[in-house]
1. What are the extents of the Cα atoms of the chain along their three principal axes, listed from largest to smallest and rounded to whole Å?
2. Hey, with R₀ at 22 Å, roughly what FRET efficiency would residue 302 and residue 190 work out to, going by the Cβ-Cβ distance, to 0.05?
3. On a 0 to 90° scale, report how tilted helix 164-175 is relative to the longest principal axis of the chain, with both axes built from alpha carbons and the result rounded to the nearest 10.
4. Using a Förster distance of 25 angstrom, determine the FRET efficiency expected from the C-beta separation of residue 60 and residue 117, and round it to 0.05.
5. If R0 is 45 Å, what FRET efficiency do you get for residue 273 and residue 7 from their C-beta distance, rounded to 0.05?
6. Please compute one quarter of the surface area of the Cα convex hull for segment 137-273 and express it in square nanometres.
7. So if I average 1/r over every pair of distinct C-alpha atoms in segment 72-121 and take the inverse, what Kirkwood radius in Å does that give?
8. Tell me the angle of helix 135-147 to the major Cα principal axis of the chain, expressed in degrees between 0 and 90 and rounded to the nearest ten.
């Protein structure tokens, strides 16, 4: 295993759950990879809503996995793009100097470790900043469409089409041959069209369930539309895949809608479901091929330096981000 002599690094750290004010920039010990892990010199990291949820510890059910009183891993961030700095003894796919991207818990730092099977070689046509905003959101979009059993020729509705996951869901659905309608706010309809959507719905003016159009597949990413509205917009045997619920309250947040959807599916012809994102390296490799062929392009809104991570999270919380934002300048 090769390694640098550096033993500390600069990182964003949180000791407790809360809003962006709990985040601090500190000098902490550099992580070391275990046998099946890779140490990455982080050149850029992506910001996704999952990171926001872990930061706040909401919905409260998340704390069972991430820590009851505070996050077990005090360094936030999951998306990563960078250069392999060292490899564990059992790693076979990567060597020091390789440019990789993928999922590395604790990526808001100069160095992060990732499991070998959570990484892929970085697309040759992307910058580190662009690559860093792909993994979590694009993998979620791919899993959503796979769960929905998307097929060429289907009519697909993407709710939340201008966000991190939605921007990839639109492009992937088009790559798979579907006719895509994207739902977004007025100021983001141009982005959704640029992503390749065949049709758009402005949710501030129109109700997707009241247009008279029916869809074979709905990918519900944003908000909490009632299951009855989703069903009205589906064909009699259509599928709705629920991937989020940003406005839900209570211990489970919007997740209670997913559980109710599964139960209702037992009694209706329509399929209402959700999934747990698997974040697999081989799916990242599939995305790499699509990116290098030009079928998927990351929608990078803007970048923030490491010290401005709190501002980046506040901006994401406002709902004004178009696509994704990246954290840059982590390592020289």
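1. 64, 43, 37
2. Working: r = 17 Å, r/R0 = 0.76.
It comes to 0.85.
3. 60
4. In this case the efficiency is close to 0.25.
5. Values: r = 47 Å, r/R0 = 1.04.
With a Förster radius of 45 Å, E is 0.45.
6. Numbers: hull surface 30.2 nm².
Mean projected area for segment 137-273: 7.5 nm², to one decimal.
7. Working: mean 1/r = 0.0906 Å⁻¹.
Averaging 1/r across every pair of different Cα atoms and inverting gives 11.0 Å.
8. Rounded to the nearest ten degrees, it is 30.
Every read-out reported here was derived from the displayed coordinates using simple, explicitly stated rules and does not represent laboratory data. Just so it is clear, the structure is predicted and the values come from calculations on it, not from any experiment. Because the Cβ atoms are built from the backbone with ideal geometry, glycine has one as well, and the counts that use them run over all protein chains shown.
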